[in-house]
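For reference, the structure is listed below as structure tokens.
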Amino acid sequence: MGRGRARATAIAGLVGTAALLIGGCGESRHDNEQRPQVSTQVSITISPDEVIVQPLKIAMGPEKFQEIPQNQDHPEPPIETDAPLDVIFVTANQTPTDTRLKIDGDKEVKSETVFARSPGKFQVDLPTGTYTISAIGLPEARPARLTVGSYRASSQNDVLTP
């Protein structure tokens, strides 16, 4: 009886160990896909005479003024993708008229209302191309042009980004 019990305990131990080993095994290879680019910010000022966009060109190479300071001396790894660029438009309406912005190009987008003498913000994905940005309801305000290039950079070197 003692030998049978010892043998059963040993077999149960081996089965338990094997189950733990099999359960703990996962795929030994993990794809380390690059993280998406951090959103690019573009400033838009709406005046009675014109719509002003800064910068005029984005995604033409590493974004010199949009890098996180701790990484300014390290190159951004480029991403091979045709994905649209995530752009955050920060707006300032310096007119006495509520308006909306219209982005016209490979993609057409209209913003929410940018209230008179107020700031605003909206976000959109823009494919590579040239866009005209105009203020709806302000025909005397000359439209601006924005060019979106094909360069995309991974945010994998940026600490504390999602």
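The values are calculated or read from the model by the stated rules, or taken from the named source; none is laboratory data. On a predicted model such as this, the values are computed, not experimentally measured, just so you know. All Cβ positions, glycine included, derive from the backbone under ideal geometry; neighbour counts span all protein chains shown.
The listed residues are T132, T95, and the only one of them that is in a loop (DSSP other than H, G, I, E, B) and at pLDDT 95 or above turns out to be T95.
Could you tell me which residue of the range 107-129 is surrounded by the fewest Cβ atoms within 10 Å (Cβ to Cβ), considering only residues that are part of a strand (DSSP E or B), in contact (Cβ under 8 Å) with a residue 40 or more places away in the chain and not polar (S, T, N, Q)? Looking at residues that are part of a strand (DSSP E or B), in contact (Cβ under 8 Å) with a residue 40 or more places away in the chain and not polar (S, T, N, Q), I get D125.
Taking the conditions (1) closer than 30 Å to A116 by Cβ; (2) at pLDDT 70 or above; (3) surrounded by 12 or more Cβ atoms within 10 Å (Cβ to Cβ) in turn, L56 satisfies each one other than (3).
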